[in-house]
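Participant: Let me begin by handing over the structure; questions about it come next.
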Amino acid sequence: MLLRDLRYALRQLVKSPVFTLTALLSLSLGIGATTAIFSVIYSTLLNPYPFKDADRIFGAVASSKTGDGETIVLNGPQIRLVRKSPVVEDVIAFDGPSLPLTGGEFPEDVEVGLITPNTFAFLGDPPLLGRGIQPADASDGQQPQPVVVLSDQFWRRHFSANRDVIGQSLQLNRKNYRIVGVAEPRWISWFGKDVYLPLGLTQDANSTHAVLLRLKPGVSQNAANAALQPLMEQFARDEPTQFPEHFQVALRGLNDWVVRRMGSTLYLLLGGVALLLSIGCGNVSILLLARGTAREHELAVRMAIGAQRGRIVRQLLTESLLLAFSGAALGVVLAYGAVVAIKVILPEHFFAPGVSIGVKLPVLLFTAGIAIFTGVLFGLLPALQLSRQQPGNVLQSGMRRIAGSVRSRKLHNALICGQIALTLLLLAGAGAALQGFQRLLHAPLGYDPRKVISIWIPLPENSYTSWRGRTAYFEQLQATLNNVPGVTMVTIAANATPPQSGWKMPFVVLGKSQISQTTALVHEVGPEFFGVLHIPLMEGRIWSETENHNGAHLAVINQTFAKTYFPNEDAVGHSIKLPKLKSEGDVFASASIADSWIQIVGVVGDSRNEGLRNPVSPAIFIPYTLSIPAGTVFLVRSEVPPMGLQSEVRRAIAKVNSDQMAARVIADLDHWISDQPEWQQEHLVAWLFAAFAVLALSLAAIGLFSVVSYAVAQRTNEFGIRMALGAQRGHILRIVFARAAVSIGTGVIIGMLLTVAMNTLLSKWVTGNLLDPLLLPGSTLLLSMVAAIACLLPAQRAAKVDPIRAIRYE
């Protein structure tokens, strides 16, 4: 029975190629877009990691009262105690230093992942080639063995994916390491490392590492938090500098950061494609109803000779399901191409680099479910409508009823109203997304990022271990870079690369105890910083090169700082103290700086320092020589396209120190802007919503064209009689447009009400205003124009009807 229904349905679809192609186009676009977005959601949110029991792997943070979370780092003895916890199955530790890749023309900055020997077993994913790090490579109390596992990306970049790489040597910081394996492309890529070395846990309390835990089966996240809290509090008593005051342990899953950043955005996009799919289903319902008119006699004959209503409904549903699965098959093909396109605009650093985004088996099962749902959704109403026909009335009429059934007209009007309303909502949403992205692009930065590159220069290990030596070395590098042809100005900006810059530190203002221990963003920069970025000086002066060299206790503040803390007085001449600014680890601070007062000598214009969307925070700029870390950032302004200077810059650095590495990727400041989370989020939403809106507009036009053509076909006889009695073509055009205008106008009104109702919800993800005085009327006008064009062709055809042929029309 089912095979007979399928064969008959296939013959019916083949007999109507225009109808079939139009229906398949509507469905494939909707299902293809939905499948593509669900592929991204599945790969990034639902099942991003291939690791063993990934849902039981957690990182640990210490949450303070302010809600900030600091990653918990532990030393060797502490890690061994955590492994013995009754809620923990296993623990791995890791670190992420940089080492120079030596032996080539220039040293290259290589990101190293130091991992404990149990890491490969912990993650349950063997290497692509060779072996992983093993327990014998890092025995407790012994020096780790000189072995290395390459990342897939590093292997392809440096060894051209040569499978004979096992056993070869790799020179890091003038030391040879034996290559023992190549990791899978998807393996611990969330470290973002180039190579992996064994990490041996020591008894040194100052040697701390980040950790990941796997909880025992059945242990909930809340139970683990409670069980680990006393242990971490004990660690905090033993090593108080490792933990913030009054903290709570909070375990976070591997993908929590992605869910927090992009989860709501991706689900918003899934809602957008659901609207698009609904519009496509509405189209097919309209087409099925229109086509059903031509089949009224066929269905009436079948019912007259004994076919039950259920049998008719089943046959019509079989045809709709065949259409749905065919559309789904085409949609999957489109989804493969759409996923490739989406990858281009996906936020680069929002998703773990090891995540493979594609159309996977669960996504295909989701698509099959969508096909069944849509097949029933768009097929059921027309099937029930057509199965209600009275065979006697249809067979006795001998011709189409002049105006069609009232119920059929109402159903058509409802479908077209729904299409218009949903399309207007998508258009307004796309307009708001584009408006928000444009606003972000043109937001005032307060600095000029053009023709400026950022170069991260980490110091070689155990080099320049004095404050004076480190200062002299950075000054020598700066002078050498200034002599590179095409370079106009160079500055050091240890932690001040906008638009996200500075370290949040407490400060004290001399004579103002009421704002004691308030925080501001502290930037360690050279005096040329403001000239390189074209940040204007508003009051006072900038410290000189001599003062910078000597580590003078001077500071410059931004306007926000001045207005906030010196609203009715001149800030220049006041003094501040930075109690947290002191020598610690590999950071060398000038003598007694934490207890010294720093004089404010100038006020500069505001520049973005908390991202593109947040307001500018109070900022303090001090000479970088007051606190010099073991690596810094150089900002280089040039008179030529700066990315073309990379080789010359690396060559100049090598002249000063042949062992000095620079970051493998040298980025311009425009790239720093486009790398911001809010920029990438707005970019993604704007592009995809614009694509959805274009597709929705096209589908709505197809639906309108279909329903007006259907109405014209139904009323051909009526139009012929009217014209035979003297009606002009303009009158016929008005009749056709008047009927369509009612559906379109009602849909527009409903769409506007929907947009107003959804404005508050959508404003959480779309920064543009859906109720903008130009946006909503503009969307309405665009939709009305497209609707008018879609109605024009069938209306013109109605106006050109030959009265004689129309009167005889069957």
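Participant: Considering only residues that are open to solvent by 30 Å² or more (accessible area, probe 1.4 Å), of a type outside the set (D, E, K, R) and touching a strand residue (DSSP E or B) at 6+ places or on another chain (Cβ under 7 Å), which ones fall in region 138-170?
Facilitator: Answer for region 138-170, where residues must be open to solvent by 30 Å² or more (accessible area, probe 1.4 Å), of a type outside the set (D, E, K, R) and touching a strand residue (DSSP E or B) at 6+ places or on another chain (Cβ under 7 Å): P144, Q145, P146, I166, G167, Q168, S169.
Participant: Moving on to the next point. I want to confirm something. Restricting to region 254-291 and keeping residues that are under 18 Å from P677 (Cβ atoms) and of a type in the set (S, T, Y), which single residue is surrounded by the most Cβ atoms within 10 Å (Cβ to Cβ)?
Facilitator: Checked region 254-291; the qualifying residue surrounded by the most Cβ atoms within 10 Å (Cβ to Cβ) is T265.
Participant: Within region 56-71, does at least one residue satisfy the condition of being of a type outside the set (K, R), more than 28 Å from A236 (Cβ to Cβ) and modelled with pLDDT under 85?
Facilitator: No, every residue in region 56-71 fails to be of a type outside the set (K, R), more than 28 Å from A236 (Cβ to Cβ) and modelled with pLDDT under 85.
Participant: If we keep just the residues of region 525-560 that are open to solvent by less than 50 Å² (accessible area, probe 1.4 Å) and of a type in the set (V, I, T), which is nearest to E610 (Cα to Cα)?
Facilitator: T560
Participant: Residues that are under 34 Å from the mean Cα position of the chain (by Cα): find the strands (runs of 3 or more DSSP E) completely inside region 72-128 holding 3 or more of those.
Facilitator: Ranges flagged: 88-95, 98-101, 108-115.
Participant: Further question: Of the numbered conditions (1) open to solvent by less than 20 Å² (accessible area, probe 1.4 Å); (2) within 30 Å of D238 (Cα to Cα); (3) aromatic (F, W, Y), F51 fails exactly one; give the number of that condition.
Facilitator: (2)
Participant: Inspect all residues belonging to region 33-43 and state whether any of them is farther than 28 Å from V685 by Cβ, surrounded by fewer than 21 Cβ atoms within 10 Å (Cβ to Cβ) and either under 37 Å from the mean Cα position of the chain (by Cα) or without any contact (Cβ under 8 Å) to a residue 60 or more places away in the chain (or both).
Facilitator: no
Participant: Name the pairs: first residue in region 134-153 and outside any loop (DSSP other than H, G, I, E, B), second residue open to solvent by less than 80 Å² (accessible area, probe 1.4 Å) and of a type in the set (G, A, S), Cβ to Cβ under 8 Å, at least 6 apart or on different chains?
Facilitator: Short answer, once both residue conditions are applied: V149/G130; V149/G132; V149/G181; V149/A183; L150/G181; L150/A183; D152/A183.
Participant: V736: crowded, with 20+ Cβ neighbours inside 10 Å, under 27 Å from L612 (Cα atoms) and modelled with pLDDT under 85, yes or no? Before you say what the answer is, go through the steps one by one.
Facilitator: On the way: crowded, with 20+ Cβ neighbours inside 10 Å: yes; under 27 Å from L612 (Cα atoms): no; modelled with pLDDT under 85: yes.
Taking the combined requirement at face value, the residue does not satisfy it.
Participant: I need the full set of residues from region 655-670 which are modelled with pLDDT under 85 and not acidic (D, E), in order please.
Facilitator: S658, Q660, M661, A662, A663, R664, V665, I666, A667
To keep it simple, each residue is scored yes or no on (1) without any contact (Cβ under 8 Å) to a residue 12 or more places away in the chain; (2) surrounded by 23 or more Cβ atoms within 10 Å (Cβ to Cβ); (3) in a loop (DSSP other than H, G, I, E, B).
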| position | (1), (2), (3) |
| --- | --- |
| S658 | no, no, yes |
| V665 | yes, no, yes |
| E678 | no, no, no |
| V685 | no, yes, no |
| L688 | no, yes, no |
| F692 | no, yes, no |
| A701 | no, no, no |
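Participant: Can you pull out every residue in region 741-771 that is open to solvent by less than 50 Å² (accessible area, probe 1.4 Å), among the hydrophobic types (A, V, I, L, M, F, W, C) and not in a helix (DSSP H, G or I)?
Facilitator: V766, L770
Participant: Here's something else I'd like to know. Can you pull out the residues in region 219-253 that are modelled with pLDDT under 90, part of a loop (DSSP other than H, G, I, E, B) and open to solvent by 50 Å² or more (accessible area, probe 1.4 Å)?
Facilitator: Those that are modelled with pLDDT under 90, part of a loop (DSSP other than H, G, I, E, B) and open to solvent by 50 Å² or more (accessible area, probe 1.4 Å): E245, H246.
Participant: Just one of the numbered conditions (1) in contact (Cβ under 8 Å) with a residue 24 or more places away in the chain; (2) open to solvent by 10 Å² or more (accessible area, probe 1.4 Å); (3) within 27 Å of Y49 (Cα to Cα) is not true of T119; which one?
Facilitator: Here T119 clears every test but (2).
Participant: Among the residues of region 343-395 satisfying the criterion of being part of a helix (DSSP H, G or I) and touching a Lys or Arg at 6+ places or on another chain (Cβ under 8 Å), which is modelled with the highest pLDDT?
Facilitator: Q385
Participant: Oh, and also: Report every pair of residues separated by at least 6 positions or lying on different chains whose Cβ atoms are under 8 Å apart, first residue within region 350-373 and under 17 Å from F325 (Cα atoms), second modelled with pLDDT under 85 and of a type in the set (S, T, Y).
Facilitator: Filtered contacts from region 350-373: P362/Y42; V363/Y42; F366/Y42.
Participant: Considering region 561-576 alone, what residues qualify as being closer than 17 Å to G502 by Cβ and either modelled with pLDDT under 90 or open to solvent by 10 Å² or more (accessible area, probe 1.4 Å) (or both)?
Facilitator: Taking region 561-576 first, the residues closer than 17 Å to G502 by Cβ are 561-562, 564-565, 576.
The answer is A562, T564, Y565.
Participant: Got at least one residue in region 557-567 being touching a helix residue (DSSP H, G or I) at 6+ places or on another chain (Cβ under 8 Å) and farther than 15 Å from V522 by Cβ?
Facilitator: No, region 557-567 contains no residue that is touching a helix residue (DSSP H, G or I) at 6+ places or on another chain (Cβ under 8 Å) and farther than 15 Å from V522 by Cβ.
Participant: What number of residues within region 472-507 are in a helix (DSSP H, G or I) and closer than 14 Å to F634 by Cα?
Facilitator: Going residue by residue through region 472-507, those that are in a helix (DSSP H, G or I) are 472-482.
Of the ones still in play, those that are also closer than 14 Å to F634 by Cα are 473-482.
So the count comes out to 10.
The values are calculated or read from the model by the stated rules, or taken from the named source; none is laboratory data. These figures come from a predicted structure and were not determined experimentally. Here the Cβ is made from the backbone with ideal geometry for all residues, glycine too, and neighbour counts use every protein chain on show. The protein model used for the area step is the full one, side chains on, heavy atoms only, and it has no ligands, DNA or RNA in it. Shrake-Rupley method; radii C 1.70, N 1.55, O 1.52, S 1.80 Å.
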